[in-house]
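Undergrad: Take a look at this one; I'll ask things after.
The values are calculated or read from the model by the stated rules, or taken from the named source; none is laboratory data. As the structure is a prediction and not an experimental result, all values here were calculated from the model. So basically every Cβ, Gly included, is an ideal-geometry build from the backbone, and we count neighbours across all protein chains shown.
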């Protein structure tokens, strides 16, 4: 085989084939042993034309035309493919909407599953069985295990901590390390928690909580100010809102016990809207306050039971009555602030005329023209019962 140049055409000749390469156009022609000349493009099925730029992925823009576009970009140095971007920052970087018809596994490592921008700290995470969906979720996680997060920056800062559930924007968002088993549902709920076994449901519930444990807050801003307190329960918007260090309190109702805020405020129970909201941080423990707008006698009282508010002036106990037409059993005297007991006629309802085993122990008060009697039904034999007079008075 020899190579020569004839009129700007390189000729490669062999025993059966001559190849002509135009040094200017670089077109290739073939000449067979019969002297027939044909172009290489003809032999391969036609001419191919087009242009592009290095790093662009070539595609057919026509039946015989190849093109390129920065919308389909290959970074050969970092081995990254960009779709819609010429600056891919990951192995596959898509700038724009993506539509999937079937389930897509977006990221998985060490039995962790993540989806979202800057989510999961992939490549560094050692922990396992974490699940995150959203932006900036568990982006610093290293040793955390068995956590679930849904929402922008939910569990966003956690590095270590196990068995936490965070649902909502920034739920448990600033918690770096915690002792686990926390449940936060709602915007910034349990935002700063480092303790364990807390449940917060509602926007900014247990918002300031740090190292406290075993607390339950349900409602917007419930237990909002609490920091290191343990074993408190708040159900209702702003219930126990101001409490910082008082433990073992229970508040049920909107703004119940909303103003107590010191460690000396312990063991209080308030049930009802604004119940116990007059108790302040200067004192008050071991109180029970029940009723809508029910308040303690003073803001610093301790060891007191309050039922109802200033609008309540009667106490009714079902099953005990004075008689068929008598008044109330107990009457509240607003002047002396005392309960007054009316004259009693304790009896069954209705008053039994025939003593029996079913009404043994029933008391009856009766009068005649100049005497009064207190009787009771007693068993007087194997199967006999009768009224027995306990005491009588005549005048």
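Undergrad: Could we say that residue 169 is part of a loop (DSSP other than H, G, I, E, B) and at pLDDT 85 or above here?
TA: yes
Undergrad: Report, by residue number, each residue of region 243-271 that is touching a strand residue (DSSP E or B) at 6+ places or on another chain (Cβ under 7 Å) and surrounded by fewer than 24 Cβ atoms within 10 Å (Cβ to Cβ).
TA: 250, 252, 269, 271
Undergrad: Follow-up. Quick test of your reading of the structure: residue 213 fulfils all but one of (1) touching a strand residue (DSSP E or B) at 6+ places or on another chain (Cβ under 6 Å); (2) at pLDDT 95 or above; (3) surrounded by fewer than 24 Cβ atoms within 10 Å (Cβ to Cβ). Name the failing condition by number.
TA: (2) is the only condition that residue 213 fails.
Undergrad: Let me ask something additional. Could you tell me whether region 153-164 includes any residue that is surrounded by fewer than 20 Cβ atoms within 10 Å (Cβ to Cβ), under 19 Å from residue 244 (Cβ atoms) and without any contact (Cβ under 8 Å) to a residue 40 or more places away in the chain?
TA: No; the residues of region 153-164 include none that is surrounded by fewer than 20 Cβ atoms within 10 Å (Cβ to Cβ), under 19 Å from residue 244 (Cβ atoms) and without any contact (Cβ under 8 Å) to a residue 40 or more places away in the chain.
Undergrad: Go through region 376-394 and count every residue that is part of a strand (DSSP E or B) and surrounded by 11 or more Cβ atoms within 10 Å (Cβ to Cβ).
TA: The total comes to 11.
Undergrad: Residues being closer than 14 Å to residue 141 by Cα and either at pLDDT 95 or above or buried (at least 21 other Cβ atoms within 10 Å of the Cβ) (or both): count how many of those fall in region 175-199.
TA: Here the count works out to 2.
Undergrad: If I ask for residues that are within 19 Å of the chain's Cα centre (by Cα) and modelled with pLDDT under 90, which ones from region 125-134 would you list?
TA: 134
Undergrad: Taking region 61-103, which residues are touching a residue at least 12 places away in the same chain (Cβ under 8 Å), assigned to a loop (DSSP other than H, G, I, E, B) and over 41 Å from the mean Cα position of the chain (by Cα)?
TA: Correct list: 64, 68, 69, 70, 76.
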